[in-house]
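Read-outs throughout are calculated quantities, based only on the coordinates presented, and are distinct from any laboratory measurement. Just so we're clear, the structure is a prediction, and the values are computed from it rather than from any experiment. Glycine also receives a Cβ, built like all others from the backbone with ideal geometry; neighbour counts cover every protein chain displayed.
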Amino acid sequence: MKFNFLFILLIVVGMSGCGGGGGGSGGGSTNVPDPPARQLDPTWTLQAADPAELNLNTSDVDAILNHIFTDQAVQSAVLVRNGWVIGQRFSEGVDISTLGTSWSVAKSFYAALIGIALEEGWLTDLDQPASEFLSEWVGSDKEAITIRDILEMRAGYGADSGIYYETDQSTFAIDFPKTRQQGTTFEYSNPTSQLLEPIILRSTGMDAHAYLTEKILLPIGIDPNLIGMWLDRTGTNPLTYMGLDMTPLDMARFGLLYARNGEWDGNQIVPGSYVQASLSAQTDFYGLHWWVLNGAFFGQEPPILISAALGLNGQQIYVWPAEDLVLVVQTQYEHSANQGYVLSDSNFPNTCTARNACPNSTGAEVASYNQFALMSLLAELVD
């Protein structure tokens with residue numbers, strides 16, 4: 001009888017101590033909550049992580065990727081928060097190591113070199129006349145065009161140029177006629193961006209590809225042997241208005257560099273003040289070769305303010321520094337690296353097939369996703 005009393009007493013005491021005094025269920029088992037997911041510190045590694053480890057909902061990440069892939073021409077989408085890849089999705093036969101192309105996203109890469117050249121003393125300041133390097137302009141109506149005018153797309157050049165079909169595209173850009181006063185009207189212009197090629201070469205003594213490799217690609221972990229860097233039809237002039245083939249992860253690295261004010265793992269790669277100016281509207285919706293996705297861009301106020309490098313047929317790097325967030329989207333791409341990277345009628349960055357936007361395409365072009373709706377989904381992710 002004494003044994004039974006002690007036995008019952010031990011059971012009661014044991015049950016009262018389980019679960020911090022909470023009642024048991026399921027045949028005496030206790031309802032102990034799962035431990036919280038570990039919270040990850042910011043990183044530079046771009047390794048995959050569960051969104052929950054960054055206090056984010058997987059359903060919100062899925063909603064973003066679902067929206068992007070309503071565009072039937074998308075090849076890849078990679079979403080990065082605090083240096084962790086929290087979402088990635090690819091079209092059939094594609095993975096994180098598959099190359100996409102940049103088209104005009106490359107403009108933002110080469111513009112970054114101007115900030116570095118300023119820091120290194122090759123350039124004086126943004127208001128320096130470009131004619132100090134483009135001697136062809138001395139004594140002409142272009143002599144007063146500044147480097148700032150070029151970066152802000154206010155050099156006075158028109159838009160419709162046909163530069164893509166020219167042989168020596170740098171000479172074409174230098175000789176391109178000026179149609180209005182510099183420093184005034186914004187007009188998006190590929191010849192304007194190709195001017196960066198001779199300016200970089202003549203100021204630093206290095207061609208734009210070599211300077212990009214040394215100053216940005218290698219420092220942020222991009223292997224130049226695993227990417228494509230396009231030349232114009234001469235086979236000698238780097239293209240600075242287009243023409244970088246990279247994986248989405250490589251493009252995310254560049255996005256992260258700008259999201260973090262030009263710093264990479266303790267090293268200041270691009271001057272912070274230059275990055276801030278690049279991502280800020282210098283005209284209504286354009287910085288220094290970056291788009292600012294504000295009310296002027298959309299025609300209505302978006303829920304968040306993001307800057308972006310945007311390219312033909314749907315190449316995008318979205319950068320949200322306030323939330324340490326980067327999103328890369330690439331269009332389905334057809335090109336063999338064995339063809340090389342000298343532009344020709346038969347060798348070019350082919351994203352127009354997937355977009356049904358080639359010169360010989362028939363039928364409707366494949367529509368992209370709604371960028372304004374994407375801003376709302378990104379806002380919900382961090383809300």
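Summary table
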quantity: Check on Pro238, in contact with a His (Cβ under 7 Å, 6 or more places away or on another chain) and either crowded, with 22+ Cβ neighbours inside 10 Å or in contact (Cβ under 8 Å) with a residue 40 or more places away in the chain (or both); calculated: yes
quantity: Strands (runs of 3 or more DSSP E) within the range 299-361 that include 2 or more residues of a type in the set (Val, Ile, Thr) and within 30 Å of Ala281 (Cα to Cα); calculated: 315-320, 325-331
quantity: So Ile68, is it out of contact with any helix residue (DSSP H, G or I) (no Cβ under 6 Å at 6 or more places or on another chain) and touching a residue at least 24 places away in the same chain (Cβ under 8 Å); calculated: yes
quantity: Ser280 vs. criteria hydroxyl-bearing (Ser, Thr, Tyr), in contact with a Leu (Cβ under 9 Å, 6 or more places away or on another chain) and part of a loop (DSSP other than H, G, I, E, B); calculated: yes
quantity: Enumeration of residues in the range 75-98 that are buried (at least 22 other Cβ atoms within 10 Å of the Cβ), within 17 Å of Asp245 (Cβ to Cβ) and either touching a Phe, Trp or Tyr at 6+ places or on another chain (Cβ under 8 Å) or without any contact (Cβ under 8 Å) to a residue 60 or more places away in the chain (or both); calculated: Gln75, Ser76
quantity: Residue match in the range 178-189 (condition: of a type in the set (S, T, N, Q) and under 25 Å from Gly266 (Cα atoms)); calculated: no
quantity: Members of the range 50-67 that are within 22 Å of the chain's Cα centre (by Cα), aliphatic (A, V, I, L, M) and assigned to a helix (DSSP H, G or I); calculated: Leu54, Val61, Ala63, Ile64, Leu65
